[in-house]
Amino acid sequence: PGWLLSPAGRPYLDSILHKNQRRAFGLLERPALPPALAVPTVTYKLFLAGRSGVGKTALVAWLGGTPASPAHHETLGIEATPLFWPAKPRASGRPVLFQLHLWD
């Protein structure tokens, strides 16, 4: 669980942070890793659906590391937010980069 904060995981964490905050990536962008740290990317698309005002957009903002608006604004249509998260699964001994497309 503490792999990201270890010396082995720190370069992966630094690739998704900018000034100690999660960096916002565009739909076609990805973290820049040196060739020695290249890892496979696993992509998932997560669709959040539910009643209006329950916190779907706030959840996506929290996961993305961006501040959520304190006032309620209804999301018109669908917002796609790409989120990258490096991890080292226990089953395989090598890190992977999860690319989550959160659709709200």
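The values are calculated or read from the model by the stated rules, or taken from the named source; none is laboratory data. The structure presented is a predicted model; accordingly, all values stated were derived computationally and were not measured. When we count neighbours, we look across all protein chains shown, and the Cβ atoms used for this are built from the backbone with ideal geometry, even at glycine. Accessible surface is based on the protein model in full, side chains and every heavy atom, while ligands, DNA and RNA are left aside. Shrake-Rupley method; radii C 1.70, N 1.55, O 1.52, S 1.80 Å.
For the chain, the 222 nm mean residue ellipticity estimated from helices alone, with every DSSP H stretch of n ≥ 4 adding -39500 (n - 2.57) and the total spread over all residues, rounds to -4000 deg cm²/dmol.
For the chain, a crude dipole built from +1 on the beta carbon of Lys and Arg and -1 on the beta carbon of Asp and Glu, taken about the Cα centre, is about 360 debye to the nearest 20. Near VAL96, once Lys and Arg are set to +1 and Asp and Glu to -1 for all other residues with Cβ below 14 Å from its Cβ, the sum equals +4.
Each peptide in 92-98, 18-24 receives the mean, over its residues, of other Cβ atoms within 10 Å, and ordering these scores from highest gives 92-98, 18-24. Pairs of Cα atoms nearer than 8 Å and 6+ residues apart set the relative contact order; for the chain it is 33 percent.
A full extension of the chain between SER52 and LEU37 corresponds to an added length of 1.2 nm, given 0.36 nm per residue minus the alpha carbon distance. Annotation for ARG90 and LYS45: the two label points, set 7 Å from Cα along the Cα-Cβ direction, are 3.2 nm apart. Spherically averaged projected area of the convex hull of Cα atoms, the chain: 7.9 nm². Per residue, the range 16-99 exposes 74 Å² of solvent-accessible protein surface, assessed with a 1.4 angstrom probe and all protein chains in place. Listed by chain and number, the aspartates and glutamates placed with their C-alpha closer than 12 angstrom to that of LYS56 are GLU74, GLU79, ASP104; residues fewer than eight positions away on the same chain are left out. Estimated from the Cβ-Cβ distance and a Förster radius of 30 angstrom, the FRET efficiency linking GLU29 and SER6 is about 0.70. Quick one: pull the percent of accessible area on the range 12-77 belonging to carbon and sulfur, 1.4 Å probe, ligands and nucleic acids left out. With neighbouring chains kept in place, the figure for the range 12-77 is 60 percent.
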